[in-house]
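K.L.:
Dropping the structure in here first, questions after.
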Amino acid sequence: MTSKIAIIGGGNLGSAIALGLLKSKTKASDIIITRRNLAKIDHLKKEGFQLATDNVKATKNASLVFLCVQPKQIANLLNEIKSSLNAKQILVSTITGVSTEEIAAHLGKKIPIVRAMPNTAIAIGKSMTCLCAKDADEKHLAEVQKIFNALGETLVIEERLMKAATVLAASGIAFAMRYIRAATQGGIQMGFDSEEAQLIAAQTASGAASLLLSRESHPEMEIDKVTTPEGCTIAGLNEMEHQGLSSALIKGIITSFDRINNIKK
Ligand SMILES: NC(=O)c1ccc[n+]([C@@H]2O[C@H](COP(=O)([O-])OP(=O)(O)OC[C@H]3O[C@@H](n4cnc5c(N)ncnc54)[C@H](OP(=O)(O)O)[C@@H]3O)[C@@H](O)[C@H]2O)c1
């Protein structure tokens, strides 16, 4: 069994990466996905992926190895596969809260490691993925970045910012969802049914984000365009600020950051 890419842990993220790889022109037959319970990813067989339970065999033949298991499973997994890894391969870790330093210490040898922090929008190719590297050169990083670019937007950051990236991008999905849900509830109170209100709130949030991303604009510039003097928008916006909207968001983000910095392993 030969393959170029091994995805160890074919769960939500591993499966999304596998499907995203097809968009970056990798052939499904060059990708092997492992997990213990293969029945759960039987549908991926039809796409042409190789499915297996043997992590050692899968990693041995791969030039790129994605680690996509849960944080508590990583130590056992690294012990299992470390003898089949070598310096010509690139190890891509998506494991939340596990540093490249910790992974390298488990391996006990120098292997290029790229750490990736995507968010759940990876499933629809709209992730914000932050990347950092250890013992990897620019070519290694570029190879991994190309894959995640096919799954959304990427940013290479220093590893010291990886926890902040987890809060802003991964937890950020929940924060943005709560805004959309609250806007939906306001819409229902004004007379829309819930589906209509959610469509309007979600598409409006998506449009606002697209204005910033496509025009490289600033939020306050876009706010100025829709706040007529003495109008309804500024009245509502100022009331939200009096109630602490920006302050609540910043405090929530910093509380998440404090928590992630104090999570017991
Ligand atoms: N989901 C996201 O968008 C996201 C975003 C950022 C970071 N992450 C990180 O990515 C990792 C995976 O997240 P997820 O949401 O995809 O979790 P998940 O759905 O639980 O997937 C983990 C998979 O690992 C498999 N697994 C466990 N032990 C294994 C082993 N020894 N060998 C092979 N496969 C094994 C499990 O399947 P079996 O039980 O069948 O083996 C499971 O399918 C986590 O560390 C998470 O923190 C996820």
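The values are calculated or read from the model by the stated rules, or taken from the named source; none is laboratory data. As the structure is a computational prediction, the values presented were derived from the model and not from experiment. FYI the Cβ positions are ideal-geometry reconstructions off the backbone, even for glycines, and counts take in every protein chain you see.
K.L.:
Could you please find all residues in the stretch 224-262 being among the β-branched types (V, I, T) and within 25 Å of S171 (Cα to Cα)?
P.N.:
The answer is I250, I253, I254, T255, I260.
K.L.:
Take the residues in the stretch 153-171 that are of a type outside the set (A, V, I, L, M, F, W, C) and within 14 Å of the ligand (Cβ to nearest atom), then tell me which one is nearest to L213 (Cα to Cα).
P.N.:
Residue satisfying both the conditions and the ranking: T154.
K.L.:
Filter the stretch 102-144 down to the residues that are away from the ligand (no atom under 12 Å from the Cβ) and within 14 Å of K23 (Cβ to Cβ) and list them by number.
P.N.:
Within the stretch 102-144, just G125 meets the criteria.
K.L.:
Being within 26 Å of K88 (Cα to Cα) and out of contact with any helix residue (DSSP H, G or I) (no Cβ under 9 Å at 6 or more places or on another chain) is the filter here; which residues of the stretch 42-60 pass it?
P.N.:
D54
K.L.:
Now for a separate question. Name the residues in the stretch 87-103 that are under 20 Å from K60 (Cα atoms) and either touching an Asp or Glu at 6+ places or on another chain (Cβ under 7 Å) or of a type in the set (S, T, Y) (or both), would you?
P.N.:
Once the filter is applied, which keeps residues that are under 20 Å from K60 (Cα atoms) and either touching an Asp or Glu at 6+ places or on another chain (Cβ under 7 Å) or of a type in the set (S, T, Y) (or both), the stretch 87-103 yields I90, S93, T94.
K.L.:
All but one of (1) within 30 Å of I263 (Cα to Cα); (2) at pLDDT below 95; (3) more than 10 Å from the ligand (Cβ to nearest atom) hold for G97; which doesn't?
P.N.:
(3)
K.L.:
For the subset of the stretch 191-216 comprising residues that are touching a helix residue (DSSP H, G or I) at 6+ places or on another chain (Cβ under 6 Å) and among the polar types (S, T, N, Q), which member is surrounded by the most Cβ atoms within 10 Å (Cβ to Cβ)?
P.N.:
Q198
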